[in-house]
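The structure appears below as structure tokens.
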């Protein structure tokens, strides 16, 4: 303590104090500069270093990633048996993979799904033509007074649908009229009898004319045009039911004359039952 007091009382004590303070300040400045340089170095070093990569997700058994949501479906490669030809691409669509919760899943299979063809409505079947508009396989009949003097033929047969029908043929073998289909032979024979009775009183009515009187309550031969614009006639009973129809004619005159041939056969004929031959 005495040494300190002696130092302060000496004449040179001021210079020592100034020197000590200067040394302390210099030391503080050096420490501050060193600390600042160290911080700058750490900052620059942190920018140059690349960030550490995140840890890869744990792999499921079998080596495949369990993160199904990260699968690039567009770049997946199909196995040879599942490849789709380029020409059929427009007929297929891809089914996206499904994420499974089971830990046993080790792969995803993407299979093509064929697009369903548009459902097209089936065309409605065309209605079967009525018996009175069926085209005859024989040539157009031309009335012959000489053939009318000889007996014709009424042929009973079974059509392709298994129904009984009859046709009127002249003495020279030409068909001039045919019936509708009957479920029994007895009904078919009754139809023949109805024709025989109807021709005795039937008149010819031309429905191709603009003004004509329809037959009501009486038998008639009604002349008309079919869908092919050919002339035909149908024999109607007094109750307006059709009991006989003709073939097609290109001439109205021949069509009307055909009614005479039917009348001749109905009044003078032989019955040929072809259903007996088929048994």
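The values are calculated or read from the model by the stated rules, or taken from the named source; none is laboratory data. Bear in mind the structure is a predicted one, so any value in this text is a computation, not a measurement. No Cβ is skipped: glycine too gets one built from the backbone with ideal geometry, and neighbour counts run over all protein chains shown.
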(message) From the list 260, 277, 209, 230, exactly one residue is exposed (fewer than 14 other Cβ atoms within 10 Å of the Cβ) and over 20 Å from residue 156 (Cβ atoms). Which is it?
(response) 209
(request) Evaluate the range 259-270: report whether one residue or more is part of a strand (DSSP E or B), at pLDDT below 95 and closer than 25 Å to residue 185 by Cβ. (result) yes
(request) Give the residues of the range 155-193 that are over 22 Å from residue 142 (Cα atoms), in contact (Cβ under 8 Å) with a residue 40 or more places away in the chain and either in a loop (DSSP other than H, G, I, E, B) or out of contact with any helix residue (DSSP H, G or I) (no Cβ under 7 Å at 6 or more places or on another chain) (or both), sorted by residue number. (result) 157, 158, 180, 181, 185, 191, 192
(message) Please go through the range 197-217 and give me each residue that is closer than 15 Å to residue 262 by Cα and assigned to a strand (DSSP E or B), ordered by number.
(response) 203, 204
(message) Go through (1) within 15 Å of residue 266 (Cα to Cα); (2) loosely packed, with under 12 Cβ neighbours inside 10 Å; (3) touching a residue at least 40 places away in the same chain (Cβ under 8 Å) for residue 196 and report which single condition fails.
(response) (2)
(request) Could you tell me whether residue 253 is out of contact with any helix residue (DSSP H, G or I) (no Cβ under 9 Å at 6 or more places or on another chain) and in a strand (DSSP E or B)? (result) no
(request) Restricting attention to the range 224-238, report how many residues are outside any strand (DSSP E or B) and under 47 Å from the mean Cα position of the chain (by Cα). (result) 5
(message) Condition (residue is closer than 15 Å to residue 269 by Cβ and surrounded by fewer than 19 Cβ atoms within 10 Å (Cβ to Cβ)) applied to the range 181-190: is it met by at least one residue?
(response) yes
(request) Output yes when any residue across the range 152-161 is closer than 24 Å to residue 251 by Cβ, in contact with a strand residue (DSSP E or B) (Cβ under 9 Å, 6 or more places away or on another chain) and in the same structural domain as residue 260 (by TED's automatic domain parsing), and no when none is. (result) yes
(request) Kindly provide the set of residues from the range 233-253 that are out of contact with any strand residue (DSSP E or B) (no Cβ under 6 Å at 6 or more places or on another chain) and surrounded by 15 or more Cβ atoms within 10 Å (Cβ to Cβ), ordered by number. (result) 238, 247
(message) Is it the case, given these coordinates, that residue 217 is under 25 Å from residue 173 (Cβ atoms) and assigned by TED's automatic domain parsing to the domain that holds residue 140?
(response) no
